[in-house]
Amino acid sequence: MRHRALRPSLLLALYCLAAPSLALDESTQSDKAPKPEPSAQQTAPAEPSLDTNALQEGAQRNTGDQPEKPIPKAKSVELDKPVSESELVAPPATDEEPAPTLETAQPEAPAETPTVEEQEPIGRPLQLLGAEVPPATTTRLAWSPRQHFEGVYSATPVLVVNGAETGPTLCLFAAIHGDELNGIETVRRVMYNLDTETLKGAVIGVPIVNLQGFHRSSRYLTDRRDLNRHFPGDNRGSSASRIARSFFDEVVVHCNAIVDLHTGSFYRTNLPQLRGDLKDPKVVKLTKGFGSTVVLHSDGAKGTLRRAAVEAGIPTVTLEAGAPMVLDELSVSHSVKGIRTLLNQLGMMSKFSLWGDPEPVYYNSTWQRATTGGIIFSNVKLGSTVRKGDLLGTVTNPITNVRKEIRSQYNGRILGMAMNQVVQPGFAAYHIGIQAPEEQISAPQEVTVKAEPAPAAPETTTSEPPQQDTGATVEQPAQSTETEPSGDPEEQSEEDE
């Protein structure tokens, strides 16, 4: 019994002695056992986002420290070769390739290099619309307004021919009014027949400036505004004003001289004629370079591309020829000949010979209007010389059969006229030009490579009012002002432009 009573106490003592060692063994085993992997939610904080942000910021700093990429060089293409629409949206361009330059620079090249006197002139690269056009290159770029609804306004093709030698940059713009087609064909024919090897300088051609109006066969933009009344434009203005500002900043400022091509408006047709500010000597130089083309003096309506460009120091003329919505071969051929003659006169090409004798210069012009509504039938043709009292046409009321005559009130020449159509009372039917004496025209001045502000006209020219052309037409400007108020585009002397 005594032995059995001692056994529980002995067991209790042995347990007390072994407990610390057992706890130590369990802690050691727990340390050796693999720890459970944390869950995905617990893993995320293990790599804090601060490290990622720091890496991103470092990458941005490294990118900012790197030099800017060079402007891609435009790839030379054949302008008269048909292209797909995808190529028009993304014109081909190639980055600079230094490898060919290293290959051509052979050790014996310096010994064979001609002297400075014997070396031929080298052309200048032209930077335009985010691309560099090397000398002796023809390419097709694209201009699109900065602000427009995505997918509504397509990119406008810009044709560029940069010659092998240095010279001025002549720009040809057409279809600022979307329904004027003659200028589109004129630009195409001129640009597709230029030779880069013989061209001195560059020619930039934009066949369709107002692509919105062209797609809709409309003179105006989609917001019903006339693009050629919003130049040079405003980035914070109306849609038309923003488009004008974008075109002016991205294309117009690169020009040394501009020819803006137009036709008549509202079913009127124009004799091929130049319109320009003849008080500007550089503009006079352009007008004298077109050969056998009538010249009409005009400052240009406010907001026109021509006036805005001249005020920016870029000599500009408007070439009017034909009627809207139709292609007139005679008008197109005349315009092409005139521009080719201009290229010759500016020293940019010597391929084309001088064309015809100079036409008269008309310093004043006025519109003869229909006094009643009805169907107009003309008795004169474009270019006809008329005298005061001559019958120009008749307007017949189809209901009452009453016929009214329109007779000339001036001595001059028919520069523009309405096509046979139904007209309203007051419709501008016949545009008559009055010839100017030579002393009222500024002496021509050369067009320089770098566009400079036009110098002020001589005092004798500016001080002499236009209405003093001839004694027989002293009252014409006053009468023209009454019949052509500036508020209505159709009532302006240049409603076609």
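The values are calculated or read from the model by the stated rules, or taken from the named source; none is laboratory data. The model shown is predicted, which means the values in this text are computed figures rather than measured ones. Counting neighbours? That spans all protein chains shown, and the Cβs are built from the backbone with ideal geometry, glycine included.
Of the residues that sit in region 68-91 and are part of a loop (DSSP other than H, G, I, E, B) and surrounded by 14 or more Cβ atoms within 10 Å (Cβ to Cβ), which one is modelled with the lowest pLDDT? My answer is Pro91. Checking each residue of region 379-398 against the condition of being buried (at least 17 other Cβ atoms within 10 Å of the Cβ) and in contact with a helix residue (DSSP H, G or I) (Cβ under 7 Å, 6 or more places away or on another chain) gives no match.
Counting only helices (runs of 4 or more DSSP H) that sit completely within region 278-365, those holding 3 or more residues that are within 24 Å of Arg268 (Cα to Cα) and modelled with pLDDT of 95 or more correspond to 305-311, 329-345. Within region 207-245, if we keep just the residues that are hydrophobic (A, V, I, L, M, F, W, C) and not in a loop (DSSP other than H, G, I, E, B), the residue that is nearest to Val158 (Cα to Cα) turns out to be Leu211. Go through the residues of region 169-181 one by one and say whether even a single one is outside any loop (DSSP other than H, G, I, E, B) and either modelled with pLDDT under 95 or of a type in the set (D, E, K, R) (or both). No, every residue in region 169-181 fails to be outside any loop (DSSP other than H, G, I, E, B) and either modelled with pLDDT under 95 or of a type in the set (D, E, K, R) (or both).
Filtered by the rule that a residue be among the β-branched types (Val, Ile, Thr) and surrounded by fewer than 18 Cβ atoms within 10 Å (Cβ to Cβ), region 302-335 gives a lone residue, Val326. Determine whether region 209-225 contains at least one residue that is of a type in the set (S, T, N, Q), in contact (Cβ under 8 Å) with a residue 40 or more places away in the chain and at positive phi. Within region 209-225, one or more residues are of a type in the set (S, T, N, Q), in contact (Cβ under 8 Å) with a residue 40 or more places away in the chain and at positive phi.
When the criteria are applied in full, Gly276 fails the requirement of being touching a Leu at 6+ places or on another chain (Cβ under 7 Å) and over 26 Å from Gly233 (Cβ atoms).
In summary, Pro425 fulfils each of the numbered conditions (1) loosely packed, with under 15 Cβ neighbours inside 10 Å; (2) at pLDDT 95 or above; (3) not in a loop (DSSP other than H, G, I, E, B) with the single exception of condition (3). Just one of the listed residues (Met417, Met348) is in contact (Cβ under 8 Å) with a residue 60 or more places away in the chain, in contact with a helix residue (DSSP H, G or I) (Cβ under 9 Å, 6 or more places away or on another chain) and of a type outside the set (D, E, K, R), namely Met348. Would it be correct to say that Phe248 is outside any strand (DSSP E or B), out of contact with any Lys or Arg (no Cβ under 8 Å at 6 or more places or on another chain) and either of a type in the set (Phe, Trp, Tyr) or farther than 26 Å from Gln212 by Cα (or both)? When the stated conditions are applied, Phe248 passes them.
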